[in-house]
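**Q** Okay, handing you the structure first.
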Amino acid sequence: MAKKQDSGINLTATFSEFRELKKLDRLAMMNVLEESFRNAIAKLFGSDDNYDVIVNPEKGDFEIYRRRDVVADGEVTDPNRQIPLSEAKVIDSDYEVGEEVSEMVDFAKFGRRAILTLRQTLASRVLELENDTLYNTFKDRVGELVTAEVYQLWKNETLLIDEEKHDILLPKNQQIPRDFFHKGDHVRAVIDRVDNSTGKTKIYASRTSPAFLQRLLEIEIPEIADGIISVRRIARIPGERAKIAVESYDDRIDPVGACVGVKGNRISGIVRELHNENIDVILYTANTQLFIQRALAPATISSITLNEETRTAEVYLKPEEVSLAIGKGGMNIKLASKLTEYTIDVYRETDGTSQETDDIYLQEFSDEIDQWVIDAIKGIGLNTAKEVLNAPRTMLIEQADLEEDTVDEVLSILRAEFDLD
């Protein structure tokens, strides 16, 4: 049998690179190698259908066989597909006109251009194969916790390298506000998404998503990892505060106590990881009114009116409870709304009734007050004119994040409505 060829192409190094690439499907790898040879042959002769290509990535060698029809001497019209009888008999004296000859050919004899085409095609297909493999691997790992090393820091993102040397991008907007990394630091995050839209797979991580907190809870609290306690809902303002709703499938276990631990020892490690993000653990219930009451803790609610169609809740509280329900910067009510998946509007009780009959909703002033200003004020739980007038001026400035002149203009408009100027 003829000697297997290398013919100056030296594919051994190329095959070695294949073996070093992680998690490449062997069959796909073989197909890519064969495709690369066939592509080079097709560019030379217009077709590759009369060639057989056999590759051996383990040994780094390959064989190419060309099939040609035997024709009478002097009747060859296509040397690539036909062989004269006299040449065929040199190969085997028994050949006759009309039979097919299969012989191994030296790829190097196709010329330097063919070899260059082979290398370019092979390099391109290897990158495509590696890219597809990377995408298919990581798209199934979205939500998975990873620990990776900080490799490079940029303005808008940080490049992490995991244990398998994969590049993972941690965008700035997916970092906790107080995150501060140095090169060489080891960082925990969850795989947030995998993008292949540009033809090159990019893996993005997150430390701000609820999934990151979920994975940390599973690590620190065995009952969650074992499925005895279920985390039903998570709402976060990264680095500031989070609320999680849990329930137990074992009546003997207090899910809130199990998550917090004695003197907070179980939750404290997670709090440190999240740069002192305050974590409230509440007991989940399918009773919407009760769930909203728990989500708005530490405020005590007097009554709730629900609208199931619009998924809104009007919550009435005593005046001294309103600030507790809203929280600093409106944080408590925002998290409660996210957790319960209801838009929560807070109202002060006055004289034992839910609302003052002569009060006016802020929305009624949209022709005098810009909508974004109304939205900012409503965002801190103030929905009516008198609620705004009764609120401290500093609360409107600091919590609604409004300029002093804007606040004064709003107050002036509202006072005029009630002839208070």
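The values are calculated or read from the model by the stated rules, or taken from the named source; none is laboratory data. Quantities reported herein were computed from a predicted structural model and do not represent experimental measurements. Using ideal geometry, Cβ is built from the backbone for each residue, glycine included, and neighbour counts are taken over all protein chains shown. Note: areas computed on protein heavy atoms with side chains; ligands, DNA, RNA excluded. Shrake-Rupley method; radii C 1.70, N 1.55, O 1.52, S 1.80 Å.
**Q** Quick one: dipole size for segment 77-131, taken about the Cα centre, charges +1 on Lys/Arg Cβ and -1 on Asp/Glu Cβ, in debye to the nearest 20.
**A** Approximately 560 debye in magnitude.
**Q** Still on this structure: Report the net charge of residues surrounding Asn278, where surrounding means a beta-carbon distance below 14 angstrom and charges are Lys +1, Arg +1, Asp -1, Glu -1.
**A** +3
**Q** Which of the three applies to segment 287-354, rounded, prolate or oblate, going by the alpha-carbon gyration tensor with a ≥ b ≥ c and a/c under 1.5 meaning rounded? Walk me through the numbers before you get to the answer.
**A** On the way: a/c = 1.78, a/b = 1.16, b/c = 1.53.
It comes out oblate by the Cα gyration axes.
**Q** Nearest 500 deg cm²/dmol is fine: what mean residue ellipticity at 222 nm does the chain get from its DSSP H runs of n ≥ 4 alone, each adding -39,500 (n - 2.57), divided by its residue count? Before the final figure, lay out each step's value.
**A** Details: 15 runs with 153 residues, N = 421.
So the helix-based figure for the chain works out to -10500 deg cm²/dmol.
**Q** Please report, as a whole percent, how much of the solvent-accessible surface of segment 124-217 comes from carbon and sulfur atoms (probe radius 1.4 Å).
**A** Carbon and sulfur: 48 percent of the exposed surface of segment 124-217.
**Q** Which whole-number percent of Cα pairs in segment 47-142 have a distance greater than 20 Å?
**A** 56
**Q** Over segment 65-105, what percent of the accessible surface lies on carbon and sulfur atoms, probe 1.4 Å?
**A** In segment 65-105, the share of accessible area belonging to carbon and sulfur is 45 percent.
**Q** Keeping every protein chain present and rolling a 1.4 Å probe, give me the accessible area per residue for the chain in Å². Working shown, then result.
**A** Numbers: 22560 Å² over 421 residues.
It amounts to 54 Å² per residue over the chain.
**Q** Same structure, new question: Going down the list Lys172/Lys328; Lys183/Lys328; Lys263/Lys318; Lys200/Lys338; Lys139/Lys334, which pairs span over 27 Å between their C-alpha atoms?
**A** With Cα atoms farther than 27 Å apart: Lys183/Lys328; Lys263/Lys318; Lys200/Lys338; Lys139/Lys334.
**Q** Go through 64-76, 298-310 and give me the packing order, highest mean Cβ count within 10 Å leading. Mind dumping the intermediate values first?
**A** On the way: 64-76: 15.3, 298-310: 13.2.
Ranked by mean Cβ neighbours within 10 Å, highest first: 64-76, 298-310.
**Q** Can you tell me the order of 32-42, 198-208 when each peptide is scored by its average per-residue count of other Cβ atoms within 10 angstrom, highest first?
**A** 32-42, 198-208
**Q** Another question, if that's okay. Taking a ≥ b ≥ c as the square roots of the Cα gyration tensor eigenvalues, with a/c under 1.5 meaning rounded and otherwise prolate when a/b beats b/c, else oblate, which class fits segment 263-319?
**A** prolate
**Q** Another one. Could I have the simple spin-label model distance between Tyr151 and Arg178, label points 7 Å from Cα toward Cβ, reported in nm to one decimal?
**A** Distance between the two pseudo-spin positions: 3.0 nm.
**Q** Let a ≥ b ≥ c be the square roots of the eigenvalues of the Cα gyration tensor of the chain; is it rounded (a/c under 1.5), or, if not, prolate (a/b larger than b/c) or oblate?
**A** Cα axes put the chain in the prolate bin.
**Q** Given N residues in segment 283-421, what is Rg(Cα) / (2.2 N^0.38 Å)?
**A** In units of the globular-protein estimate, segment 283-421 measures up at 1.04.
**Q** Also, quick follow-up: Over the chain, what relative contact order in percent results from Cα pairs under 8 Å that are six or more residues apart? Display every interim value, and only then the final one.
**A** Values: 656 pairs, mean separation 32.0, N = 421.
It comes to 8 percent, rounded to a whole number.
**Q** Charges at C-beta only: +1 for Lys and Arg, -1 for Asp and Glu. How large is the resulting dipole of segment 302-421 about its Cα centre, in Debye rounded to 20?
**A** Result for segment 302-421 is approximately 700 debye, rounded to the nearest 20.
**Q** Only four residue types carry charge here, +1 at the Cβ of Lys and Arg and -1 at the Cβ of Asp and Glu. Report the dipole size of segment 245-371 about the Cα centre in Debye, rounded to the nearest 20.
**A** For this selection, approximately 1020 debye.
**Q** Could you tell me what percent of the accessible area of segment 282-333 is made up of carbon and sulfur, with a 1.4 Å probe and every protein chain present?
**A** Numbers: 1290 of 2530 Å².
Accessible surface attributable to carbon and sulfur in segment 282-333 totals 51 percent.
**Q** Give me the number: length gained by fully extending Asn278 to Ser124, i.e. 0.36 nm times residue separation minus the C-alpha to C-alpha distance, one decimal in nm.
**A** 50.5 nm
**Q** Sorted by average packing, counted as other Cβ atoms within 10 angstrom per residue and highest first, what order do 173-179, 337-343, 246-252 take?
**A** Result, highest mean first: 337-343, 173-179, 246-252.
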